[in-house]
Each structure stands twice: as structure tokens, then as C-alpha cells.
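The values are calculated or read from the model by the stated rules, or taken from the named source; none is laboratory data. Since this is a predicted model, take the numbers as computed values, not measurements. No Cβ is skipped: glycine too gets one built from the backbone with ideal geometry, and neighbour counts run over all protein chains shown. The protein model used for the area step is the full one, side chains on, heavy atoms only, and it has no ligands, DNA or RNA in it. Shrake-Rupley method; radii C 1.70, N 1.55, O 1.52, S 1.80 Å.
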Amino acid sequence: MPPGTAPYDGTTLPSKRTTGITSVHQARDALGRRLRELRVAAGLSGRQLAESLSWPPSKASKLENGRQTPTDADIQAWTRATDSQDETEALLASLHTLEVQHAEWQRQLRTGLRPHQREIADLDARTRLFRAFESTFVPGLLQTAEYARFRFAQSIKVFRVRDDIDEAVAARVRRQEILYRPDKRFHFVLTEAVLRYRLCPPEIMLGQLDRLVSFSALPNVRLGIIGFETAYAIAPAHGFWILDTDRVMVETFSAELNLAQPQELALYGGIFDALAGAASYGRTARAIINRVIDDLAPEPPED
């Protein structure tokens, strides 16, 4: 879970009122347009540039049209070939902004699960107010070690990354120490579906539900549950986190989106407020959790 933007002649995040994946595509397109401008100014065709760099003929076109994200080495080679090395630093800043905004899981997890947990812990240390809405999973900060193990196992299966589940689970559990820090505030909103999805064996989910009840009593934690009987004004389309008033994080199957434009922050802030307003808290929230526990717990054997 992790943006600042580096200003550069419109090749960083666009100022149009767009959100999410759309703004990521626009940022990639803008970077590609700037690369094309440098090539044209140098009097090179796309084929000539690709040949000078020993690239496949289609690579230059893919980079210019936003169909492929360049690497640092691609940017450096491009500016050398077009005799525009003075543009390298600004182009790299634009690229790194794009990488932070759209961080592909395959790239983030290539060295294993534990390093990403350390990155998240660094971000946790800088954040004072955490607002999280989840419609599918129990948030990482509230997970038991056993529940977390199943979540990490899914990541290993989907992304085929190195199996360091034990280290990742330990890192996630250590992160939960911030829940007890008086300078941190947490507001979690979950749908009842989060409590009922069979994403792990029943006995593990029972332990997870019991942990949620415990966490709901912490003085700096607000835990809201939206019961199935609740009418939604805004559909629970996907989970997201708002960190202070600086960043919105959205996890998709392929990537982690980090949104920082003012209109995006305002949009998600309003959506969170609406969902939080539909949630139940305190005894009512715990009653929903206990109802699920009763439904999930095995019947005691008859005498």
C-alpha cells in the first residue's frame, strides 16, 4: 500500500477531472507524446530510432502510443538517440510518478511478499488518519495471522512469486502494533459480506471474527459494519484506503493504484463518508459480527 507528482510540461498526471485507471492511461499517453516530440525534433523515424537502439521495430511505436511503459533504461537510451539528454531527468520523474500511481503487483512482489509488507509499514509510520472501506477482505491491519496466511497464499498462487509466507505473515502482524498508538486514528467500514465470504476454513474465520470484536473496543479504532439489510445510497463497488488527506489506494487484481489528485481525494472522501454513514457501530456492529459467528459455529453435539 503507497505520491507526489513532478511537474513537467504536461507529461505528468493530467489536470483534467479524471480518476483512477483513466488518469493512469492519460499519464502514460502524455509521456509517450513527449517521447514522440523528441524523436520528431531529432529528425528520426520510429524505425530509424528503434534500429539505432537495436530494439524491435514495434517498440518505439508502443512507447509513443502508451501501449508499453518505458523503463529507466528506455528513457535514457531514447534521450541519447535523440540528442536530448537535458530532458532525461524530467522524463524519468514523469515515469516514476506513473510507476507509483500504477504499481503492478507482478513488479511489486517479484522479490517476495515480505519486502512489500515493509514498504507498507514505512507508509503506516507516516500516516496519522487511516480510513478504509472493504467489501471483500478483512483489512490487513485487522487480520489474524491465520487469515493473513490464506490471503498471502492467494497472492503466491496468482502471481507465482517467491513463497515467503511465514516472513510476510510475521511482518503483517508486527504492523498491527500501530493500532495501539495513541497518535494514530483508524476508521474501518466493512460490508457484512466480508464476514461471510468463505476465503478460509470456518475455524479460521471464527477466530478472525472474534478478533474483529476485540479490535472494535480499541479507543482509537472505529469499526463500522454495513449489514445485508442496509439500503445503499452508493454501491460498494470496490475497497479502498484513504491515508490522511494525501492519498487514495485501490487494489485491483493486476495493480495497486495510488491516487493523489485533489478531485480524486474529494471524490473518495465523499464516498467513504456515505458508506460510513450507512454502517452500524459499537454494540450494533458487534451484534452483526456475533450473528455471523453463530451462523458459522458448529452445533454442539447432543448428549
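Quick notes
- Out of T12, T18, T69, sole residue that is open to solvent by less than 20 Å² (accessible area, probe 1.4 Å), β-branched (V, I, T) and modelled with pLDDT under 95: T12
- Number of positions in region 161-194 that are of a type in the set (A, V, I, L, M, F, W, C) and within 30 Å of E229 (Cβ to Cβ): 7
- Checked against (1) assigned to a loop (DSSP other than H, G, I, E, B); (2) open to solvent by 60 Å² or more (accessible area, probe 1.4 Å); (3) not hydroxyl-bearing (S, T, Y), C200 passes all but a single condition, namely (2).
- Where a residue in region 230-256 is farther than 14 Å from Y268 by Cα and its partner, wherever it lies, is part of a strand (DSSP E or B) and open to solvent by less than 40 Å² (accessible area, probe 1.4 Å), with Cβ under 7 Å and at least six apart: A255/H102; A255/A103; E256/A103; E256/M249
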